[in-house]
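In what follows, a structure is listed as structure tokens, so that the remarks can point back to it.
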Ligand SMILES: [Zn+2]
């Protein structure tokens, strides 16, 4: 028996050497717990790879370190235009031409007329975008020319308002966020349409619910906050909604007079839109269709 012991030891040694080599090559072999940390191959464990194609929003939300002045994407759904919004650059300097580009982006999508937009409005939209990193802000309507803004008091006609939604975020959530985050704003909730209205105003804030669907006459809630509490805001369907509205919406004006109740509508811009310093609006005339 004693003659077999060296042979056994040699075999064991060969096996050990082989297993160590195989382990360093493959890395998938189970290793003793005491050695696993130092001998495991370098790299992310399975399922946590670095590939990000197709999931940019997830990555932005969970992995990207906090950027000081991140960009926010605005998308005009009627014209399929994109505006990448950033108020300040890496060094904290104001981005030049921002207001001019926002004015252009927010131009009337019926007439292509450009109008100065309220500077606070763009800042609020930027805040909204930062609140949901990686989510696109989808704009339905910004400025409206008097020829198409049927409500004579519409804040859209003064460059104070924007109708939009945030991709992937419920409009109920967006509505509540706007109301609790910003002061001196009008927030309009359209449970039977696809956007939330936001406008900058001079004094106190206003909130309303309009139950009309696209293309229908405005139907305001008499007690919007009560409707939110009772859940009526999500249940009440005043008329049968034409299912084709979803595709027609982009070509249609939203309901006549659907903006703020007349008593709430601001009549003068909250602040001088031209007081911005770096903007030059001289060249921002109407583009050709
Ligand atoms: Zn609106």
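The values are calculated or read from the model by the stated rules, or taken from the named source; none is laboratory data. What you see is a predicted model; the values in this text were computed from it and never measured. Using ideal geometry, Cβ is built from the backbone for each residue, glycine included, and neighbour counts are taken over all protein chains shown.
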Seminar exercise, completed: The condition from (1) surrounded by 23 or more Cβ atoms within 10 Å (Cβ to Cβ); (2) modelled with pLDDT under 95 that residue 190 misses is numbered (2)
Problem set entry | residue 182 vs. criteria within 13 Å of the ligand (Cβ to nearest atom) and at pLDDT 95 or above | no
Exercise. Among 126, 177, which is modelled with pLDDT of 95 or more, closer than 16 Å to residue 196 by Cα and in contact with a helix residue (DSSP H, G or I) (Cβ under 9 Å, 6 or more places away or on another chain)?
Worked result: 177
For this session: Go through segment 213-226 and count every residue that is over 26 Å from the mean Cα position of the chain (by Cα) and over 14 Å from residue 194 (Cα atoms).
Result: 8
Exercise. Just a yes or no: is a residue in segment 100-113 in contact with a helix residue (DSSP H, G or I) (Cβ under 9 Å, 6 or more places away or on another chain), over 20 Å from residue 85 (Cα atoms) and within 16 Å of the ligand (Cβ to nearest atom)?
Worked result: no
Problem set entry | Residues satisfying the stated conditions in segment 148-169, i.e. surrounded by fewer than 19 Cβ atoms within 10 Å (Cβ to Cβ) and either in contact with a strand residue (DSSP E or B) (Cβ under 9 Å, 6 or more places away or on another chain) or within 23 Å of residue 80 (Cβ to Cβ) (or both) | 148, 167, 168, 169
Exercise. Pick from segment 199-212 the residues that are free of Cβ contacts under 8 Å to residues at least 40 places away in the same chain and either surrounded by 16 or more Cβ atoms within 10 Å (Cβ to Cβ) or part of a strand (DSSP E or B) (or both): which of them is farthest from the ligand (Cβ to nearest atom)?
Worked result: 211
For this session: Just need a number here: residues in segment 186-212 that are under 23 Å from the mean Cα position of the chain (by Cα) and over 22 Å from residue 75 (Cα atoms).
Result: 7
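This table checks each residue for (1) in contact (Cβ under 8 Å) with a residue 40 or more places away in the chain; (2) over 18 Å from residue 110 (Cβ atoms); (3) within 12 Å of the ligand (Cβ to nearest atom).
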position	(1), (2), (3)
124	yes, yes, no
131	yes, yes, no
146	no, no, no
154	yes, no, yes
173	no, yes, no
186	yes, yes, yes
